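One structure below.
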């Protein structure tokens, strides 16, 4: 299957400039605009005994791993609330189990820890800008994808040397990404080993870019778009996306029934308009287009 990016970066960055002007330093994109509609919470749910759905529904709670530091997709606000498209997708799925938003237990899921969290049973699912790939499928199963992104670069606004990944090696640019992430592996094609700096979170990369420790940050376009929007004009995106990144929902490996249930909830959310509403209240504040739900992959 060919994954297509749904963001036109040039226009999106223009939109970001307007958003940045309106947003104070303490107000993050994805949490300061219109409120996402409350997800519908199913009543009198009945699931086959022994399934993950039955266990979660009976318990009345679900544990979801997500990012805490990524504007637009998963970010903890100053008052402790989690906002973003990933968190809204989590609330939609929980609602299908009859679980209200206040009964979700959120766990921070940095890139390098996502498989471990699932395998240890610390969470019931991970929704954390989690690209589906073959290496990860050896350890966990994925529902979805629920969104398709593409990797790109963020630099300081006054940088004119870096125009895309092809300019990195020749310029000797110092590039930051996150340990255990797909982008940290993809970027190695364009740089020498000594040019790469790895941190645990992308917010650390953002800070390193701001104080001049690195020259560029690389990850998926929508993640970087959030940081650009929050930067008050300090950062910009350069070049076109150079990878295709389908975001999936990580669950225990081999739980096909749960995967199929999640995919059904995603389909229903697309049909009801809940998917589009969740996007428009979060990532849609900085993106020009509302995406359609991608074609769902078979569960395995």
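For residue 203, indicate whether it is farther than 20 Å from residue 147 by Cα, surrounded by fewer than 20 Cβ atoms within 10 Å (Cβ to Cβ) and in contact (Cβ under 8 Å) with a residue 24 or more places away in the chain.
In short, yes.
Just to verify a result, which residue in the stretch 215-234, among those that are crowded, with 24+ Cβ neighbours inside 10 Å and within 21 Å of residue 172 (Cα to Cα), is farthest from the chain's Cα centre (by Cα)?
Residue satisfying both the conditions and the ranking: 216.
Tell me, which helices (runs of 4 or more DSSP H) lie completely within the stretch 61-177 with 3 or more residues that are crowded, with 21+ Cβ neighbours inside 10 Å?
85-96, 114-119
Hey, residue 29 hits all of (1) surrounded by 24 or more Cβ atoms within 10 Å (Cβ to Cβ); (2) at pLDDT 90 or above but one; which does it fall short on?
Of (1) surrounded by 24 or more Cβ atoms within 10 Å (Cβ to Cβ); (2) at pLDDT 90 or above, only one is false for residue 29: (2).
What pairs come out if I take residues in the stretch 46-57 that are farther than 16 Å from residue 121 by Cα and pair them with residues that are modelled with pLDDT under 95 whose C-beta lies under 8 Å away, six or more apart or interchain?
That search, which allows pairs on different chains as well, returns 57/45.
Could you go through the stretch 70-82 and let me know if any residue there is over 16 Å from the mean Cα position of the chain (by Cα), more than 25 Å from residue 150 (Cα to Cα) and without any contact (Cβ under 8 Å) to a residue 40 or more places away in the chain.
Yes: one or more hits.
Is it fair to say residue 180 is touching a residue at least 60 places away in the same chain (Cβ under 8 Å) and surrounded by fewer than 21 Cβ atoms within 10 Å (Cβ to Cβ)?
In short, yes.
Is it fair to say residue 208 is part of a helix (DSSP H, G or I), out of contact with any helix residue (DSSP H, G or I) (no Cβ under 8 Å at 6 or more places or on another chain) and free of Cβ contacts under 8 Å to residues at least 24 places away in the same chain?
Against the criterion (part of a helix (DSSP H, G or I), out of contact with any helix residue (DSSP H, G or I) (no Cβ under 8 Å at 6 or more places or on another chain) and free of Cβ contacts under 8 Å to residues at least 24 places away in the same chain), residue 208 does not qualify.
So, of the residues in the stretch 243-257 that are surrounded by 19 or more Cβ atoms within 10 Å (Cβ to Cβ) and assigned to a loop (DSSP other than H, G, I, E, B), which turns out to be farthest from the chain's Cα centre (by Cα)?
Applying the filter and picking the extreme gives 255.
So that you can scan it fast, the table gives a plain yes or no per residue for (1) in contact with a strand residue (DSSP E or B) (Cβ under 9 Å, 6 or more places away or on another chain); (2) more than 18 Å from residue 265 (Cβ to Cβ):
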{"position": "111", "(1), (2)": "yes, yes"}
{"position": "135", "(1), (2)": "no, yes"}
{"position": "141", "(1), (2)": "yes, no"}
{"position": "144", "(1), (2)": "yes, no"}
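Based on this model, can you work out whether residue 127 counts as in contact with a helix residue (DSSP H, G or I) (Cβ under 7 Å, 6 or more places away or on another chain), over 21 Å from residue 230 (Cα atoms) and not assigned by TED's automatic domain parsing to the domain that holds residue 223?
yes
Of the residues 143, 167, 94, which is over 20 Å from residue 243 (Cβ atoms) and free of Cβ contacts under 8 Å to residues at least 60 places away in the same chain? Full working, then the answer.
Working: 143 fails: free of Cβ contacts under 8 Å to residues at least 60 places away in the same chain; 167 fails: over 20 Å from residue 243 (Cβ atoms).
Sole residue among the options that is over 20 Å from residue 243 (Cβ atoms) and free of Cβ contacts under 8 Å to residues at least 60 places away in the same chain: 94.
The values are calculated or read from the model by the stated rules, or taken from the named source; none is laboratory data. As the structure is a computational prediction, the values presented were derived from the model and not from experiment. Positions of Cβ are backbone-derived with ideal geometry, glycine not excepted, and every protein chain shown enters the neighbour counts.
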